[in-house]
1. State all residues of segment 28-82 that are buried (at least 19 other Cβ atoms within 10 Å of the Cβ), assigned to a loop (DSSP other than H, G, I, E, B) and among the charged types (D, E, K, R); if no residue qualifies, say none.
2. Of all residues being aliphatic (A, V, I, L, M) and assigned to a loop (DSSP other than H, G, I, E, B) in segment 111-165, which is farthest from the chain's Cα centre (by Cα)? Just the residue, please.
3. Given the structure, is residue 89 over 15 Å from the mean Cα position of the chain (by Cα), buried (at least 17 other Cβ atoms within 10 Å of the Cβ), among the polar types (S, T, N, Q) and over 30 Å from residue 217 (Cα atoms)?
4. If residue 121 satisfies every condition in (1) out of contact with any Gly (no Cβ under 8 Å at 6 or more places or on another chain); (2) over 17 Å from residue 14 (Cα atoms) but one, which is the exception?
5. Which numbered condition in (1) in contact with a Leu (Cβ under 7 Å, 6 or more places away or on another chain); (2) loosely packed, with under 11 Cβ neighbours inside 10 Å is the only one that residue 209 fails?
6. Residues of segment 97-141 being closer than 17 Å to residue 49 by Cβ, surrounded by 13 or more Cβ atoms within 10 Å (Cβ to Cβ) and among the acidic types (Asp, Glu), which ones?
7. For residue 50, state whether it is closer than 20 Å to residue 22 by Cα and not polar (S, T, N, Q).
8. Only one of (1) within 16 Å of residue 165 (Cα to Cα); (2) at pLDDT 95 or above; (3) of a type in the set (D, E, K, R) fails for residue 197. Which number is that?
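The values are calculated or read from the model by the stated rules, or taken from the named source; none is laboratory data. Being a predicted model, the structure only gives us computed values, none of them experimental. FYI the Cβ positions are ideal-geometry reconstructions off the backbone, even for glycines, and counts take in every protein chain you see.
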Amino acid sequence: MPMQNTSLTLPRLYNEELDRLIEKNSKRYFYPARTIFSVPGDDFNGVFYIKSGRTRHYMANDDGLEKVLYTLTDGWLFGEMAFYLGRKTGLYSQTEADTVLYKISAEKCRALLDESPLFRDAFIRCLAHKILITRFEIENITFNPCKERIIRLLCSAVDKTQPAESGWYELKVKYTHYELGVIVGAARVTVSKILVELMNEGIIRSVNRKIQFNADRYEEYMELFSKF
């Protein structure tokens with residue numbers, strides 16, 4: 001499985017022309033980081049567009065067990081499946097950073113789907129990507145051991161835009177052990193044990209409570225994962 005398919009964070013999908021179109025046909029909302037702005041049973045009555053920021057979308061059962069489906073960044077639409085099927089959302093949605101959302105009403109959304117090839121293409125592309133990432137995640141959980149799932153996730157979060165300091169890469173996202181468990185589908189105690197193993201093996205280290213990934217080992221894993 002290619003490395004880019006193993007991350008639950010979908011890459012930035014910003015299009016300036018689409019951004020202007022949506023801005024003219026929507027209402028603006030701002031949410032601070034870590035705000036749960038939608039819960040199962042909510043009726044969006046439209047579709048949301050991420051102007052800036054980062055949102056996490058996940059399921060949870062009555063015992064509090066959570067499973068992240070995907071994390072979205074600038075330029076992504078969400079709520080399109082519930083809108084198209086005429087259903088209420090079945091997910092929790094939470095901001096991971098200060099986030100600006102544009103809400104496109106159901107009426108406006110139908111008009112844009114009919115009249116704008118640009119919006120229609122974005123709508124279909126966003127939906128198709130989410131279906132694809134869900135398929136890859138099912139494959140990942142079914143066939144890959146927990147340790148490999150954690151390594152894949154950490155590799156996908158490595159910040160290559162910054163030079164490796166003393167042979168170590170920073171991560172673009174600061175994960176708690178609980179958050180890692182939610183994403184990879186494992187208990188927190190299991191995640192903590194595996195992180196200790198990875199530190200002992202020199203794959204990661206913790207500096208000021210932030211995980212860093214060894215640059216040489218990162219390149220090795222990227223080459224390995226690219227073959228599957």
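1. Answer for segment 28-82, where residues must be buried (at least 19 other Cβ atoms within 10 Å of the Cβ), assigned to a loop (DSSP other than H, G, I, E, B) and among the charged types (D, E, K, R): just 54.
2. Filtering segment 111-165 down to residues aliphatic (A, V, I, L, M) leaves 111-113, 118, 122, 124, 127-128, 131-133, 138, 141, 150-151, 153-154, 157-158, 164.
In the following step, the residues that additionally are assigned to a loop (DSSP other than H, G, I, E, B) were identified as 157, 164.
Working: 157: 11, 164: 24 Å.
My answer is 164.
3. Numbers: over 15 Å from the mean Cα position of the chain (by Cα): yes; buried (at least 17 other Cβ atoms within 10 Å of the Cβ): yes; among the polar types (S, T, N, Q): yes; over 30 Å from residue 217 (Cα atoms): yes.
Criteria met by residue 89.
4. (2)
5. The single condition residue 209 does not satisfy is (1).
6. 98
7. Details: closer than 20 Å to residue 22 by Cα: yes; not polar (S, T, N, Q): yes.
Yes; evaluated as a whole, the condition is true for this residue.
8. Exception for residue 197: condition (1).
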